[in-house]
Amino acid sequence: MWHLAEYHPSTLFSLRPANATTSGGKTLVAPTPFALKMALLDVAIRIHGRTVGERWFPSIRDLTVAVSLPPTLVVINTFVKILRPHKAGPKDTVGTGLEGPMGSTIAYRELVHYGGPLSIALETAAESDIPLLALLSHIHYLGKRGGFIQFFGYEPTITLPADYTILNPRPNASFRLAGLMQVMDDCGPAMTFAQADIYSGKKLGLNRPDGRLLNPVVLPYRLARSSRAYSLYEYSGA
């Protein structure tokens, strides 16, 4: 069973790839399976409590995730001022006589403008008891904090529509030869609730069954126009 949810973005979207640095703020053009599952887990804990969230986590972890993006995507390139710790310890950077641990610097960032709604599809087993409609309707942002979205509709279906792209395909699944490649992270099949809990102290490895897995995914988009300030991508067909 597939569960389709439609969201209308109310701000720009941004989500750095798993291998990006703090200074090099390139962005993915869509939320990853890991980001979506952590959003669902967050909602489950906030609404139903930690015990229920922990019980539902294995089912959330094993969800198959697909997205349908709008006809156009614009990736905006910009520079922003950020605070970062001084490498050599506290210092007086503004000449006030007061030393501080943080200093301002410039960082590159990318932001995505969606030219339409964002649709997300989740596949569950027939016996799943997770109330996905309730969880999906309470997701208010994806990606970096401040990437707000508004829930707009829900529809269950047996067959995934052709314009959706699966973001965590099964091993040896076919893929497009042309399009926009994105490296998406997902929960490993042996990942536990303690590893998803940032307060537990358990480390979350990369490309490990009990950590995050990286999957290359090709989205059906082509670069239509670009300059130093933006890149425009258009849907190229399912």
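The values are calculated or read from the model by the stated rules, or taken from the named source; none is laboratory data. The model shown is predicted, which means the values in this text are computed figures rather than measured ones. Cβ placement follows ideal geometry from the backbone for every residue including glycine, while neighbour counts extend to all protein chains displayed. In case anyone asks, the SASA skips ligands and DNA or RNA and just uses the protein heavy atoms, side chains included. Shrake-Rupley method; radii C 1.70, N 1.55, O 1.52, S 1.80 Å.
Identify, by number, the condition in (1) among the aromatic types (Phe, Trp, Tyr); (2) touching a Ser or Thr at 6+ places or on another chain (Cβ under 7 Å); (3) not in a strand (DSSP E or B) that Phe151 doesn't meet.
Only one criterion is unmet by Phe151, namely (3).
So if I check each of Arg55, Arg46, Arg50, Arg109, which one is under 18 Å from Gly146 (Cα atoms) and of a type in the set (D, E, K, R)?
Arg109
Considering only segment 161-178, how many residues are open to solvent by less than 70 Å² (accessible area, probe 1.4 Å) and either within 20 Å of the chain's Cα centre (by Cα) or more than 16 Å from Pro189 (Cβ to Cβ) (or both)?
Of the residues in segment 161-178, 9 are open to solvent by less than 70 Å² (accessible area, probe 1.4 Å) and either within 20 Å of the chain's Cα centre (by Cα) or more than 16 Å from Pro189 (Cβ to Cβ) (or both).
Only one residue in Leu213, Leu219, Leu223 is open to solvent by less than 40 Å² (accessible area, probe 1.4 Å) and at pLDDT 90 or above. Which one?
The match here is Leu219.
With respect to Gly49, is the statement that it is open to solvent by less than 60 Å² (accessible area, probe 1.4 Å) and either polar (S, T, N, Q) or at pLDDT below 90 (or both) true?
It is false that Gly49 is open to solvent by less than 60 Å² (accessible area, probe 1.4 Å) and either polar (S, T, N, Q) or at pLDDT below 90 (or both).
Those residues that are open to solvent by 60 Å² or more (accessible area, probe 1.4 Å), in contact (Cβ under 8 Å) with a residue 40 or more places away in the chain and touching a strand residue (DSSP E or B) at 6+ places or on another chain (Cβ under 8 Å), I need them from segment 226-238; list them, please.
Arg228, Tyr230, Tyr235, Ser236
Could you check segment 102-131 and list, in sequence order, the residues that are in contact with a Phe, Trp or Tyr (Cβ under 9 Å, 6 or more places away or on another chain), open to solvent by less than 30 Å² (accessible area, probe 1.4 Å), of a type outside the set (S, T, N, Q) and in a loop (DSSP other than H, G, I, E, B)?
If the condition is that a residue be in contact with a Phe, Trp or Tyr (Cβ under 9 Å, 6 or more places away or on another chain), open to solvent by less than 30 Å² (accessible area, probe 1.4 Å), of a type outside the set (S, T, N, Q) and in a loop (DSSP other than H, G, I, E, B), then Ile130 is the only one that fits.
Looking at segment 132-148, which of its residues are assigned to a loop (DSSP other than H, G, I, E, B) and closer than 22 Å to Asn77 by Cα? Please lay out each step first, then the result.
Start the filter on segment 132-148 by keeping residues that are assigned to a loop (DSSP other than H, G, I, E, B), which leaves 138-140, 142-147.
Leu142, Gly143, Lys144, Arg145, Gly146, Gly147 - these are the residues of segment 132-148 that are assigned to a loop (DSSP other than H, G, I, E, B) and closer than 22 Å to Asn77 by Cα.
Looking at segment 18-26, can you tell me whether even one residue there is hydroxyl-bearing (Ser, Thr, Tyr), part of a loop (DSSP other than H, G, I, E, B) and closer than 22 Å to Ile149 by Cα?
At the first step, the residues of segment 18-26 found to be hydroxyl-bearing (Ser, Thr, Tyr) are 21-23.
Filter once more, keeping what is part of a loop (DSSP other than H, G, I, E, B): 21-23.
Narrowing the set further to residues that are closer than 22 Å to Ile149 by Cα leaves none.
Checked segment 18-26: no residue is hydroxyl-bearing (Ser, Thr, Tyr), part of a loop (DSSP other than H, G, I, E, B) and closer than 22 Å to Ile149 by Cα.
Within segment 89-107, take every residue that is touching a strand residue (DSSP E or B) at 6+ places or on another chain (Cβ under 8 Å) and aliphatic (A, V, I, L, M) and give me the one that is nearest to Ala20 (Cα to Cα).
Selected residue: Ala107.
Return yes when Ala44 is open to solvent by 10 Å² or more (accessible area, probe 1.4 Å), of a type in the set (A, V, I, L, M) and not in a loop (DSSP other than H, G, I, E, B) and no when it is not. Walk me through it before giving the result.
Numbers: open to solvent by 10 Å² or more (accessible area, probe 1.4 Å): no; of a type in the set (A, V, I, L, M): yes; not in a loop (DSSP other than H, G, I, E, B): yes.
Answer is no for this residue.
Looking only at segment 23-64, filter to residues that are in contact with a helix residue (DSSP H, G or I) (Cβ under 6 Å, 6 or more places away or on another chain) and aromatic (Phe, Trp, Tyr); which one of those is nearest to Cys187 (Cα to Cα)?
Residues of segment 23-64 in contact with a helix residue (DSSP H, G or I) (Cβ under 6 Å, 6 or more places away or on another chain): 37, 40-41, 43-45, 53-54, 56-57, 60.
From what is left, the residues that are aromatic (Phe, Trp, Tyr) are 56-57.
Details: Trp56: 14, Phe57: 11 Å.
Only one residue tops the list, namely Phe57.
Tally time: how many residues in segment 179-200 are free of Cβ contacts under 8 Å to residues at least 24 places away in the same chain, open to solvent by 60 Å² or more (accessible area, probe 1.4 Å) and under 21 Å from Asn19 (Cα atoms)?
Total satisfying the criteria: 1.
Of all residues in segment 55-101, which are farther than 30 Å from Pro209 by Cα, within 20 Å of the chain's Cα centre (by Cα) and open to solvent by 60 Å² or more (accessible area, probe 1.4 Å)?
Correct list: Pro71 only.
Go through Leu204, Leu132, Leu213 for me and flag whichever is in contact (Cβ under 8 Å) with a residue 24 or more places away in the chain and under 28 Å from Thr11 (Cβ atoms).
Leu132
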